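Only the coordinates and a few stated rules stand behind these numbers; no lab work does. What you are looking at is a predicted structure, and each value in this text was computed from that prediction instead of being measured. FYI the Cβ positions are ideal-geometry reconstructions off the backbone, even for glycines, and counts take in every protein chain you see.
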Amino acid sequence: MSVQAGRPVRVAVLGCGSVGSQVVRLLRDQADDLAARVGAPVELVGVAVRRLDAPREVEVPAGLLTTDAESLVTREDVDVVVEVIGGIEPARSLILAALEGGASVVSANKALLAEDGPTLYEAAAKAGRDLHYEAAVAGAIPILRPLRESLAGDNVTRVLGIVNGTTNFILDKMDSSGAGFTEALEEAQELGYAEADPTADVEGFDAASKAAILASLAFHTRVTAADVHREGISEVSAADVASARDMGAVVKLLAICELIDTPDGQAVAARVHPAMIPRSHPLASVREAYNAVFTESEAAGQLMFYGPGAGGAPTASAVLGDLVTVARNRLAGIRGAGESAYADREVLPMGQTRTRYHVAIDVEDRAGVLASVALAFAEHDVSIQTVRQEGRGDEAQLVVVSHRASDAQLSATVEHLRGMDIVRDVTSVMRVEGEPE
């Protein structure tokens, strides 16, 4: 059902934190432009908050504030609900109530979409309403719409991205200054790039949610956060970063989603982990808290999307872009594209994914050590690309970079090395990306 001619498109906002407050500001400051772009005035009719007296970045008229979010989203006159409160509940229940009540929804909730997106898609389809969520991945960077629409006539084969600004800032600081992880994290917290509890960022949970959303859209297959192999950056050392520098590489936390050929056809693999990439790769130049997503497809080739991946105003920009699209659809009485999961491909476990390893091994300084280490790799059918020896005596170390093999083969090789008498310790294991097989 379309909005009646002559009346405004009415919007309710859930949450008034850093993103919600900027959504409210943009709705107010750009009211005339939004009306021209949508084809009707866009009217803010309510903002649901936890506390009416909490300090806010922008002033919101008291008459618009409410603590009764459920009543707000189920009002008969609300056309679009903007959800920017985050988390699983009550966000899921409120979105479902909004859709059932006849409103379309714009969300920035990556965690909910990655955990239970199909439930939301099915509710939107049943209600004949839109569910848009560009702001859920990479802030202001338009990446979901290109995957869903601009590349709809192409076959996307790989999506490789830096999708968490906190971890990129930390790793960039470690690379540029030689700082350790703890020191770089403390600076990120002082500057406001990292939360007091940075677990979701530094352990890869945030990036894994975004990877699930990217893989689902790129490969037309339902992928949840639980399907994404996840490793964070808390174990990345200054020595790892220095070793990457020595081989002309840089360490980044990457979200990698790709199609892999199997005997039964193509399958999806999705993973998040720190990796060394050549400094010549476009993603290597992404500095500080910026994000970038690199896509590969059969016809378009390689594309890169770059920009601020977080922050109230940048994320609000993506929210408003979705809002304009959804509002136009309401005026026209139509619904945009919904979930596309027709391919229904298998999601492979990490062990079947092909990758490369950089392995630093403290070894005994005696004849035959290199041959024994090479044999351990060969026994697991892993080919060595490069090897170099550093130090002598108690500081003797081998640094090995492998060719591509399954992650299971590489993991087994590392466990084999740890059990060898000539190996004092395997001090570092990191994957290597960005080069062809």
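For the reader, a short list of remarks on this structure follows.
- Using bins of 10 Å that start at zero, the share of Cα-Cα pairs per bin across the range 350-432 amounts to 19, 57, 21, 2, in whole %.
- Point-charge dipole on Cβ atoms (K/R +1, D/E -1) for the chain, about Cα centre, debye to 20: 1220 debye
- Cα pair distances exceeding 31 angstrom across the chain, given as percent: 45 percent
- What separates the Cα centres of the range 276-292 and the range 111-128 is a distance of 33 Å.
- When the alpha carbon coordinates of the range 144-308 are projected onto the principal axes, the ranges are 45, 32, 31 Å, largest first.
- Each pair of Cα atoms in the range 33-136 enters the Kirkwood radius, and Stokes-Einstein at 20 °C and 1.002 mPa s then converts it into a translational diffusion coefficient of 148 µm²/s.
- Share of pairwise Cα separations in the range 102-143, more than 16 Å, in percent: 36 percent
- 3J(HN,Hα) along the range 279-292, derived from phi through the Karplus expression 6.51 cos²θ - 1.76 cosθ + 1.60 where θ = phi - 60°, amounts to 5, 7, 6, x, 6, 5, 8, 6, 10, 6, 9, 6, 10, 7 Hz, with x in place of Gly and Pro.
- Within a Gaussian network of the chain (alpha carbon springs, distance under 10 Å), most fluctuating of Gly117, Gly192, Gly139: Gly192
- Net charge in the neighbourhood of Val326 (other residues with Cβ under 15 Å of its Cβ; Lys, Arg +1, Asp, Glu -1) is +1.
- Listed residues Thr167, Gly393, Phe181: farthest to the positive end of the dipole of the chain (Cβ charges): Thr167
- By the count of other C-beta atoms within 10 Å, a proxy for reagent exposure, Met276, Met350 are ordered fewest to most as Met350, Met276.
- In a reduced charge model with +1 at each Lys and Arg Cβ and -1 at each Asp and Glu Cβ, the range 144-308 shows a dipole moment near 480 debye about its Cα centre.
- Selected from Arg92, Arg75, Arg330 as most flexible by GNM, with the chain as the system and alpha-carbon contacts under 10 Å: Arg75
- Computed [θ] at 222 nm, deg cm²/dmol, the chain (DSSP H ≥ 4; -39,500 (n - 2.57); rounded to nearest 500): -10500 deg cm²/dmol
- The share of alpha-carbon pairs in the range 109-234 lying farther apart than 17 Å comes to 62%.
- Positive-end residue of Ser234, Ala269, Val60, charge dipole of the chain with Cβ unit charges: Val60
- When the charge dipole of the chain is built from unit charges on Cβ atoms (+1 for Lys and Arg, -1 for Asp and Glu) and taken about the Cα centre, the candidate among Asn109, Val432, Ala327 whose Cα reaches farthest toward its positive end is Ala327.
- According to the Kirkwood relation over distinct C-alpha pairs, the hydrodynamic radius of the range 236-365 is 18.7 Å.
- Dipole moment magnitude, nearest 20 debye, the range 236-282 about Cα centre, only Lys, Arg, Asp, Glu C-beta charged: 280 debye
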